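Q: Submitted below is the structure of interest, expressed as structure tokens.
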Amino acid sequence: MGEKKLLTGDEAVARGAWEAGLLFASAYPGTPSTEILENLAEYKPDVYAEWAPNEKVALESAIGASMAGVRSLAAMKHVGVNVAADPLFTFSYTGVTGGMVLVSADDPGLHSSQNEQDNRNYANAAKLLMLEPSDSAECVKFTKLGFELSERFDTPVLLRMTTRVCHSKSLVELSERQEAPIIPYQPNIQKYVMTPANARVRRAKLSDRFQYELAFSEGEAVEMGLNRMELRATESAGEHIGVVCSGVAYQYAKEVFGENASYLKLGVTWPMPVNLVREFRSKVDKLYIVEEVDPYMENQIRAAGIDCIGKEVIPEWDELNTDIVRKAVFGQSSPTLTTELETVARPPALCAGCPHRGLFYALTKRKDIIITGDIGCYTLGSAPPLSAMHSTFCMGGSISTGHGAAKALEKAGSNLKIVAVIGDSTFFHTGVNSLMNVTYNGSNIITIILDNRITAMTGQQQNPGTGYTLQGEIAPEADIPKLCAAIGIKEENIFVVNPLRLDETNAALDKAFASDNASVIITKWPCILKKLQGEETSLYESLGNVCYIDQEKCKNCKICTKTGCVAIYNGDRVEINEAMCVGCTLCIQTCPFDAIIER
Amino acid sequence: MSNTKAILLVGVGGQGTILASKILSEGLVSAGFDVKMSEIHGMSQRGGNVSTQIRYGEKVYSPIIGKGEADVIVAFEVMEALRWIEYLTEGGNFIINNYEIPSVPILMGAAKYPQGILDELSSKAKTRILNANAIAEKLGNKQTQNIVLLGAAIRALSDSGDTALNAIAWKEIITRNVKAAFTEVNIQAFEEGLRAN
Ligand SMILES: Cc1ncc(C[n+]2csc(CCOP(=O)(O)OP(=O)(O)O)c2C)c(N)n1
């Protein structure tokens, strides 16, 4: 027996991929998938792992590695698969050379996402063999198996995880790495050049592939225990309940239905082993389908004419837990304590010393603007008291939605000005394309790139602008001002400022607002949580010292509280929590009475 | 499953709940329990709340705890104890660090920190109140308040009949998980937590 260790699902996927002889991995960060690549990076030099600027690039790079004959992996959060969907659907046609696993980490309950889409639907739409692990041991097992099945059926394999699988720790038995043979490259134009003529041929093969995979899902997968019936003891009495489940919902079901029920636990959920479900149905009196989010399994089971109970009782959105399932099925919940006392919410906020705060504070002073936003820590600029963001859809969307709005407002004769706000990592992700559209199609929006020198929201990942790679190598820094100029922003309309200096920031905003052309302001100052290295240590020395309020001078006008700084306490008098203050001095610049002083 | 125990650790980002949970779960694994631990820390670095859930027993299925299912709630902050009250099982234990961290609406002056939480919770459930921050500060390292609370949690579990926990080599596990320079103070913090009542 190998060593047993408590691993998160993400750590376990990395472990399984390493054990399976993985050579190439790429990803763009996104909760709850980020730690997969962060952990794979630790397996150097066995595994080469990199951050891609976006998920499409990550997947395409993994496709290239597979085509070149090695086992490859791409990982992303659920919405990342939307970005990567274009290559994905066609990659399903070409199939693989080296085994390829795509990890989709879904987020039922929207713990840290902009939507709750159920990516099992992608398996159906793109015809991808899908595996759904339900704990960390299965994460290792299914990842390894994924590479084998990928090579055997000539298909990319979708490993579908959810937040609770990714971020829960459970016991895993470790094994050694087994190198996978590198398949020598052979050009194969019919397989890999998806002209309509070649793609038609490949499409026809998909139908055969489906039949083989279905036979696997209903046959071998059952023998291997991947799709398994756990039948209740024959001496059990009472109504025989059967439960079909997969992923973490299996764990909840086991707790709620207990020993007196039977289970059909599915590890392979595309192709759905419908005949297996039918056989299981014949053994039980009543069949429940317990699954999070969409009725993905249920729809296929019903379409096969199998009688079952699913979303009429199980919630169709938000994550499940034992309590929710028990209430849904048996109408009972555990007794709970209640209280009349009301809790105050604890929403996240920009950190004390966050450079984004300076920019947003400056924006609150501008009238007649629409601020189109994007996704990152800076989305917190939409929260009170700053409330300086009016839309957020998806990564990279701020500049393009702003462009469209600007064109529409121009037609409508409105004088509202558009300001698009986007982070550095998000700009490299897909914002660049949108900025090209701004210059090409000539809108006069102000784009503000919040260059905090890191991908902060997802926990400090390097990106093309930071000068380092995932595995710690030095890399060239993408030069944002030059990039903007090359796209066609006029040099005199490109400004680089320190957003924690309000005078600098306001001066750039004045010029940008006065211009008839598109402009770009780059607010350049590192995230307060960033561990500076190399020349950044001297470039970005602290701005000032911890601040306090001279209560003699303070007129209690509360203007400093409008920054929303979490180190400022707005009680009867305004006070600064010196344990939290990092000396960014933004509040000093807002005080009309010189009442805030550095220690 | 009835022979499974559930512990919920709740607090605010930066309070060290995750390290405490890690030590706790490693200890439970060393005692031969099946253990699952789940954490939600999406925005914790930005002052949001953090929760870690640990379930252990002979065989554990669900990694998370439903309402009314936690045997022990260790609250690193007072208002967080109140937030999770519905998760405590009948007869369960609260261990509360008597330490308040105002959240953003309170800082902004838009809400008031709720008053009388400790009295309210003590009147509803078995509640131990600790000044873990003060204890840690006295030991000379404020950061160790999480280990004080860990000690108190283990004491509560063992008092409620889980004597298997007494045999676990906690100090060894703590040593493995903290920087060498801080081993001594963390072990002291742990002992203070075990003693606190
Ligand atoms: C398509 C997609 N991929 C990934 C994410 C996850 N995600 C949210 S914010 C963010 C990073 C933002 O970084 P940056 O633009 O540098 O802003 P910062 O957080 O540093 O302010 C990522 C990767 C997402 N929401 N959508």
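The values are calculated or read from the model by the stated rules, or taken from the named source; none is laboratory data. Quantities reported herein were computed from a predicted structural model and do not represent experimental measurements. Here Cβ is always computed from backbone atoms with ideal geometry, including for glycine, and neighbour counts include all displayed protein chains. Areas reflect the complete protein model, heavy atoms only, side chains present, ligands, DNA and RNA absent. Shrake-Rupley method; radii C 1.70, N 1.55, O 1.52, S 1.80 Å.
Q: For a bin width of 5 Å, list the pair-distance distribution of the range A:1-132 built from all Cα-Cα distances, rounded to whole %.
A: 2, 11, 21, 24, 22, 12, 6, 2, 0
Q: Got a sec? What order do A:MET100, A:MET229 fall in by accessible area at 1.4 Å, biggest, i.e. largest, first?
A: Ranked from most to least accessible, the order is A:MET229, A:MET100.
Q: Separation of the range A:58-72 and the range A:253-273 by C-alpha centroid, Å?
A: 34
Q: Quick check on my link table: of A:LYS417/A:LYS482; B:LYS142/B:LYS179; A:LYS311/B:LYS59, which ones sit more than 22 Å apart, alpha carbon to alpha carbon? Can you show the working numbers first?
A: Values: A:LYS417/A:LYS482 25 Å; B:LYS142/B:LYS179 15 Å; A:LYS311/B:LYS59 29 Å.
In this structure, A:LYS417/A:LYS482; A:LYS311/B:LYS59 exceed 22 Å between Cα atoms.
Q: A further question follows. Compute and list, largest first, the equivalent-ellipsoid semi-axes of chain B from the alpha carbon gyration tensor, each √(5λ) rounded to a whole angstrom.
A: 24, 21, 16
Q: Whole angstrom only: what separates the Cα centroid of the range A:91-133 from the Cα centroid of the range A:309-371?
A: Cα centroid to Cα centroid, the span is 25 Å.
Q: Another one. So what is the relative contact order for chain B, in percent, with contacts set as C-alpha pairs under 8 Å and at least six apart?
A: 20
Q: Sorted by packing (mean other beta-carbon atoms within 10 Å per residue), highest first, where do A:138-145, A:470-477 land?
A: In decreasing order of mean packing, A:138-145, A:470-477 become A:138-145, A:470-477.
Q: If you don't mind, there's one more thing I want to ask. Order B:PHE33, A:PHE360 by their accessible area, 1.4 angstrom probe, all chains in place, largest first.
A: Ranked from most to least accessible, the order is B:PHE33, A:PHE360.
Q: While we're looking at this one, here's another question. What accessible area per residue, rounded to a whole number of Å², is obtained for chain A using a probe radius of 1.4 Å?
A: Result: 40 Å² per residue.
Q: What aspartates and glutamates sit close enough to A:LYS367 to cross-link, taking a C-alpha to C-alpha distance under 13 Å and skipping anything fewer than 8 places away on the same chain?
A: A:LYS367 reaches A:ASP510.
Q: Per DSSP H run of n ≥ 4, the term is -39500 (n - 2.57); total these for the protein assembly as shown, divide by its residue number, and report the mean residue ellipticity at 222 nm rounded to 500 deg cm²/dmol.
A: The per-residue figure over the protein assembly as shown is -10500 deg cm²/dmol.
Q: May I pose another question? Between chains A and B, what is the buried accessible area in Å², counting both sides, with a 1.4 Å probe and ligands, DNA and RNA left out, to the nearest 100? The partial results should precede the final answer.
A: Details: alone 26250 and 9860 Å², together 31340 Å².
Chain pair A/B: roughly 4800 Å² of buried accessible area.
Q: Continuing with the same structure: Quickly work out the A:GLN211-to-A:LYS530 label distance, labels modelled 7 Å from Cα along the C-beta direction, and quote it in nm with one decimal.
A: According to this spin-label approximation, the distance is 5.7 nm.
Q: Below 8 Å, C-alpha to C-alpha, sequence gap of six or more: please give me the relative contact order for chain A in percent. Don't jump to the answer; show the numbers that get you there.
A: Values: 1264 pairs, mean separation 64.2, N = 599.
11 percent.
Q: Translational diffusion coefficient of the range A:356-539 at 4 °C, 1.567 mPa s, Stokes-Einstein with Kirkwood Rh over Cα pairs, in µm²/s as a whole number.
A: 79
Q: Could I get the Rg over Rh figure for the protein assembly as shown? Both from C-alpha atoms, Rh via Kirkwood, rounded to two places. Mind showing how you got there, number by number?
A: Details: Rg = 27.7 Å, Rh = 28.4 Å.
Rg/Rh for the protein assembly as shown comes to 0.98.
Q: Hey, any idea what % of the protein assembly as shown's accessible area is carbon plus sulfur with a 1.4 Å probe?
A: Details: 16060 of 31340 Å².
On the protein assembly as shown, the fraction of accessible area on carbon and sulfur atoms equals 51 percent.
Q: Determine the equivalent ellipsoid of the range A:76-212 by diagonalising the alpha-carbon gyration tensor, then write out the semi-axes as square roots of 5 times the eigenvalues, largest first, rounded to whole Å. List each step's numbers first, then the result.
A: On the way: eigenvalues 153, 82, 27 Å².
Equivalent-ellipsoid dimensions as semi-axes: 28, 20, 12 Å.
Q: Then there is this: Taking B:LYS112 as the anchor, which aspartates and glutamates have their alpha carbon closer than 18 Å to its alpha carbon, excluding any fewer than eight residues away along the same chain?
A: A:GLU340, A:GLU342, A:ASP572, A:GLU575, B:GLU77, B:GLU80, B:GLU100, B:GLU120
Q: Taking the Cα centroid of the range B:96-163 and of the range A:520-554, what is the distance between the two, rounded to the nearest whole Å?
A: 33
Q: In the structure displayed, which of A:LYS254/B:LYS67; A:LYS144/A:LYS265; A:LYS365/A:LYS411; A:LYS56/A:LYS407; A:LYS141/A:LYS327 lie more than 21 Å apart, Cα to Cα?
A: Over 21 Å apart, Cα to Cα: A:LYS365/A:LYS411; A:LYS56/A:LYS407; A:LYS141/A:LYS327.
Q: Using the Cα centre as the reference, give the magnitude of the dipole from point charges on the C-beta atoms of the range A:356-539 (Lys, Arg: +1; Asp, Glu: -1; all else neutral), rounded to the nearest 20 debye.
A: I would put it at about 480 debye.
Q: If DNA, RNA and ligands are ignored and the probe is 1.4 Å, what is the ranking of B:THR163, A:THR563 by accessible area, most exposed first? Please list the in-between numbers first.
A: Details: B:THR163 90, A:THR563 0 Å².
Correct descending sequence by accessible area is B:THR163, A:THR563.
Q: Run the dipole for the protein assembly as shown about the Cα centre, Lys and Arg Cβ at +1, Asp and Glu Cβ at -1, nothing else charged, and hand back the magnitude in debye, nearest 20.
A: With only Lys, Arg, Asp and Glu charged at Cβ, the dipole is about 880 debye.
Q: When you take every Cα atom in the range A:547-598, what is the radius of gyration, and what is Dmax, the widest Cα pair distance, in Å?
A: According to the Cα coordinates of the range A:547-598, Rg and Dmax are 9.4, 24 Å.
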